[in-house]
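Engineer: First the structure, which I've put down as structure tokens, then a few questions once you've had a look.
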Amino acid sequence: MNIPLRRLGWSLSLFALLAGCNGGAPEKPTPHPIATYTHATWKDLPTVSDSDLVAGFESWRSACQRLKSDPVWAATCVAAADVPADARKIGEFLGAHLEVYSLRSAQNSATGLITGYYEPVYPGSESRTEQANVPVYGIPDDLIVVALDSVYPELKGKRLRGRLEGRVLKPYDTAEVIQRQGVKAPVLAWLTDPMDLQFLQIQGSGRIQLENGRQLRLGYADQNGHPYRPVGRWLVEQGQLKKEDVTMGAIHAWAQANPARVPELLASNPSYVFFSTRPDSNEGPRGSLNVPLTAGYSVAIDRKVIPLGSLLWLSTTRPDGSPVVRPVAAQDTGGAITGEVRADLFWGTGEAAGKLAGDMKQQGQIWLLWPKGMALPEMPQTETK
């Protein structure tokens, strides 16, 4: 959904519709978040249910195959392999192998923003029809990707995207140009609504419901290199919606009521996401760590603050105010997921998960559970140049 910018924040809901994204080349120097890890004890953590403890631990352990070469987590993962799915045994394991740190902002606040995302399901076809005529593109043949950190280590995770014209690398087409002229890329599927494509790009993965009953799974493959600009913000700037009223449902309703202005709406976001097909399965979509996400127990994080693969303790609420306290696994990233105390909780697949994700914009706290004896992650202290 790896910085190789595998998921630039397209896995976002309401917050992504309002906030900017770090995808592509930054328009100006962007300050890195400066986090503080404050040592805490296990007694400082809010109480979690046995079922949530087991589910959160299992979600984190599912990535151990990917983490076995990580010097921070390798030994912990080896020890975790033999832990039974029993809350008491898991608690003993965590206490023996991990230390607790409260994540704080630069202003020493332990509270931050917790949002949600999901895997949508949209109607479509594998061939173009009168109704299904909105293409979902794979990676273009002429898209060039340059890893900037191969020359400038301080630009870790940044990539430059473009097209060669002679010997010169020029910026790739914007979303407006791609939507108007097409692109030299395979068409993976056809959707019935251009807004479905926009939301599919925001979420970063999804399923296409085909007429034969099968679902085609798609995942983020790459991006055109232009910065993400929320279409919800454009509607607010145009006076079409109030900021507090912006939801995916409200945006879709506006588009249905104003079909002639939909191209203008979509052109306000120059970013464009290209997809790849994924194997049919009942597992969750794969995040930036390239492991299936677990509904309710996988989160997208700012990897400048929290390393991918980390085990976290999350305390927040659902939109209805009911508590959400559980271990969660940092298995995904997002360009609009930036900040010191920040997470985007994956809620699953389909309409119900989408409603929950779209309404979620809660306050919450995060604790980092870090292997004993390992140095804490280093936080950048300077601006990206």
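Engineer: Of the GluC sites (Glu not before Pro) in region 284-385, which ones lie in a loop per DSSP and count no more than 12 other C-beta atoms within 10 Å?
Structural biologist: Glu378
Engineer: Between Cys77, Tyr137, Thr36, whose Cα lies farthest towards the positive end of the dipole of the chain when Lys and Arg beta carbons carry +1 and Asp and Glu beta carbons carry -1, centred on the Cα centre?
Structural biologist: Thr36
Engineer: Follow-up. How would you order 316-327, 58-69 from highest to lowest mean count of nearby Cβ atoms within 10 Å?
Structural biologist: Numbers: 316-327: 15.3, 58-69: 18.7.
Most protected by this proxy first, the peptides run 58-69, 316-327.
Engineer: Could you give the length gained on full extension between Leu160 and Gln131, defined as 0.36 nm per residue of separation minus the Cα-Cα distance, in nm? Could the numbers behind the result be given before it?
Structural biologist: Working: separation 29, 0.36 × 29 = 10.44 nm, distance 3.58 nm.
Value of the extension gain: 6.9 nm.
Engineer: With the dipole of the chain worked out from charges on the C-beta (+1 for Lys and Arg, -1 for Asp and Glu) around the Cα centre, which of Pro123, His97, Gln223 lies farthest toward the positive end?
Structural biologist: Looking along the dipole axis, the top candidate is Gln223.
Engineer: Also, quick follow-up: Give me the percent relative contact order of region 143-189, please, defined on Cα pairs under 8 angstrom at least 6 residues apart. Please list the in-between numbers first.
Structural biologist: Details: 41 pairs, mean separation 12.1, N = 47.
Dividing the mean separation by the residue count of region 143-189 yields 26 percent.
Engineer: How high is the relative contact order of region 120-278, in percent, with contacts defined as C-alpha pairs under 8 Å that are six or more residues apart?
Structural biologist: Working: 272 pairs, mean separation 50.5, N = 159.
Once divided by the residue count of region 120-278, the mean separation gives 32 percent.
Engineer: Based on the Cβ-Cβ distance from Ala79 to Val146, what FRET efficiency comes out when R0 is 56 Å, to the nearest 0.05?
Structural biologist: On the way: r = 40 Å, r/R0 = 0.71.
Efficiency, rounded to the nearest 0.05: 0.90.
Engineer: Let me ask something else. Note down the nm distance, to one decimal, between modelled labels 7 Å out along Cα→Cβ at Ser109 and at Asp86.
Structural biologist: 4.3 nm
Engineer: To check you understand DSSP bridge types, tell me what percent of the beta bridges within the chain (both residues inside) are antiparallel, rounded to 5.
Structural biologist: If we restrict to bridges inside the chain, about 80 percent are antiparallel.
Engineer: Counting other Cβ atoms within 10 Å of each Cβ, which trypsin sites (Lys or Arg not before Pro) in region 135-175 have at most 13 and sit in a DSSP loop?
Structural biologist: Sites meeting the loop and neighbour criteria: Arg167.
Engineer: Quick one: pull the percent of accessible area on the chain belonging to carbon and sulfur, 1.4 Å probe, ligands and nucleic acids left out. Present the calculation step by step, with values, prior to reporting the outcome.
Structural biologist: Numbers: 8650 of 16790 Å².
Roughly 52 percent of what the probe reaches on the chain is carbon or sulfur.
Engineer: Ok, one more. Listed here are the pairs Lys156/Lys184; Lys68/Lys304; Lys243/Lys355; which of them are more than 24 Å apart at the Cα? Don't skip to the end; give the middle numbers.
Structural biologist: Numbers: Lys156/Lys184 29 Å; Lys68/Lys304 21 Å; Lys243/Lys355 18 Å.
With Cα atoms farther than 24 Å apart: Lys156/Lys184.
Engineer: May I pose another question? Report the paramagnetic label zone for Asn212: residues of region 112-131 whose backbone N is under 19 Å from a point 7 Å from Cα along the Cα-to-Cβ axis.
Structural biologist: So the set is 122-131.
Engineer: Could you calculate the contour length gain from Thr317 to Ala253, that is, 0.36 nm times the residue separation minus the distance between their Cα atoms, to one decimal place in nm? Walk me through the numbers on the way to the answer.
Structural biologist: Details: separation 64, 0.36 × 64 = 23.04 nm, distance 2.74 nm.
Taking 0.36 nm per residue and subtracting the Cα distance, the gain is 20.3 nm.
Engineer: Between the alpha-carbon centers of region 314-356 and region 94-139, tell me the distance in whole angstrom.
Structural biologist: Each part's Cα centre sits 8 Å from the other's.
Engineer: Here's something else I'd like to know. Roughly how far apart, in whole Å, are the Cα centres of region 252-270 and region 173-248?
Structural biologist: Using only Cα atoms, the two centres lie 11 Å from each other.
Engineer: Oh, and also: With θ set to phi - 60°, apply the Karplus curve 6.51 cos²θ - 1.76 cosθ + 1.60 along region 308-313 and write out the HN-Hα couplings as whole Hz, x wherever there is a Gly or Pro.
Structural biologist: Those phi angles translate into 4, x, 5, 9, 10, 10 Hz.
Engineer: Quick one: what are the phi-derived ³J(HN,Hα) couplings along region 336-350, Karplus 6.51/-1.76/1.60 with θ = phi - 60°, whole Hz, x for glycine and proline?
Structural biologist: Running phi through 6.51 cos²θ - 1.76 cosθ + 1.60 with θ = phi - 60° gives 8, 8, 10, x, 6, 10, 8, 7, 10, 8, 7, 9, x, 10, x Hz.
Engineer: I need the semi-axes of the equivalent ellipsoid of region 120-278: take the C-alpha gyration tensor, multiply each eigenvalue by 5, square-root it, list largest first in whole angstrom. Don't skip to the end; give the middle numbers.
Structural biologist: On the way: eigenvalues 144, 91, 44 Å².
Listed largest to smallest, the semi-axes of region 120-278 are 27, 21, 15 Å.
Engineer: So, one more: Suppose each label sits 7 Å from its Cα in the direction of the beta carbon; what would the Glu283-Thr47 distance come out to in nanometres?
Structural biologist: Going by the 7 Å Cα→Cβ label model, 3.6 nm.
Engineer: Using just the helices of the chain, give the 222 nm mean residue ellipticity in deg cm²/dmol: DSSP H runs with n ≥ 4 each add -39,500 (n - 2.57), and the total is spread over all residues, rounded to 500. Can you show the working numbers first?
Structural biologist: On the way: 11 runs with 88 residues, N = 385.
Value at 222 nm, helices only, nearest 500: -6000 deg cm²/dmol.
The values are calculated or read from the model by the stated rules, or taken from the named source; none is laboratory data. Computed from a predicted model, the values in this text were never measured in an experiment. All Cβ positions, glycine included, derive from the backbone under ideal geometry; neighbour counts span all protein chains shown. These accessible areas exclude ligands, DNA and RNA; they are computed on the full protein's heavy atoms, side chains included. Shrake-Rupley method; radii C 1.70, N 1.55, O 1.52, S 1.80 Å.
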